[in-house]
Amino acid sequence: MKQFNFLISVGFFCFVLISSCKEDEPFEYPEDPVDIEPTWIVEVERQIDSNENWISFQQSEGCDPTINVNNLAYYELNYSRGFATIQLIPNDSLCQLQASLESHFKPSEISNFEWNELHFQYTFSEFKASANTEYWLWMSYKNVDLKLDLAPVIKTLIPSDTTDGLFEMYFFDGEPRFEINGKPFNPNFDEGSPNSFSSNGSSTDAYFKVGMTSRETSEQSFTIFKYLRITRFGIPEA
């Protein structure tokens with residue numbers, strides 16, 4: 001009996017010894033948490049693409065009736081290269097011209113974020129105009145309605161040898177801020193001004209439009225624009 005107990009004790013000792021010598025499994029440290037940095041997130045964008053359904057408008061008044069309006073108030077939507085052109089070519093100073101391009105936003109393109117988190121940008125790569133040319137931007141998006149003639153702003157703030165520009169609009173402390181090529185300016189929205197701005201709109205017809213008009217001049221005017229964006233600075237949604 002004592003011999004049997006001895007054998008059991010020896011066997012148990014060998015088991016414990018072998019078990020203690022077994023190599024431990026390597027400890028796997030948990031992965032470091034992903035450090036997500038805030039970035040600019042595009043809420044809606046226009047890049048002059050055929051899916052954006054741009055609508056054109058052309059009008060002439062007091063011009064040579066033998067000249068087709070397409071040759072006086074010209075536009076081009078170059079989808080392959082991603083730019084749009086508007087060009088006004090009056091035949092004399094009595095010829096008044098207007099041309100515009102408009103794109104409507106789909107319901108899915110309306111951001112869930114309010115304007116205090118949004119940043120609007122519009123860029124043009126060429127601009128040339130006479131003193132009697134207007135360069136209009138119209139926008140209706142969420143509660144903001146904007147109508148602004150950029151021509152006097154460009155002439156005042158952008159050097160004559162610079163033909164491109166970036167217009168930006170955003171809100172700070174609940175007030176709209178406007179910049180062109182990084183330079184802040186205050187548009188004239190006084191009563192009687194052709195410009196207008198409202199942050200109390202509730203339009204269901206969201207759109208953006210670019211247009212040019214010229215009158216009392218025989219000089220040509222044109223612009224080339226490439227994109228518009230509404231972005232926000234934040235963490236991308238998973």
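Tabulated data
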{"quantity": "Dipole of the stretch 39-233, positive direction: furthest Cα of 146, 218, 51, with charges on the beta-carbon", "calculated": "51"}
{"quantity": "Over the stretch 31-124, relative contact order from alpha-carbon pairs under 8 Å, at least 6 apart, %", "calculated": "30"}
{"quantity": "Cβ-based net charge around residue 109, under 14 Å, with every Lys or Arg adding one and every Asp or Glu removing one", "calculated": "0"}
{"quantity": "Cα convex hull of the stretch 39-233, projected area averaged across orientations, nm²", "calculated": "11.9"}
{"quantity": "20 Å reach of a label modelled at residue 50, 7 Å along Cα-to-Cβ, counting backbone N of the stretch 214-228", "calculated": "226-227"}
{"quantity": "Magnitude of the charge dipole, the stretch 39-233, Cβ model with Lys/Arg +1 and Asp/Glu -1, debye to 20", "calculated": "320"}
{"quantity": "Amide H contacts under 5 Å for residue 44, placed H, 5+ residues apart", "calculated": "230"}
{"quantity": "At most 16 other Cβ within 10 Å, DSSP loop - chymotrypsin sites (Phe, Trp or Tyr not before Pro), the stretch 170-238", "calculated": "189"}
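Every read-out reported here was derived from the displayed coordinates using simple, explicitly stated rules and does not represent laboratory data. Note that this is a predicted model, so its numbers are computed, not measured. Ideal geometry is used to build each Cβ from the backbone, glycine not excepted, and the neighbour counts take in all protein chains shown.
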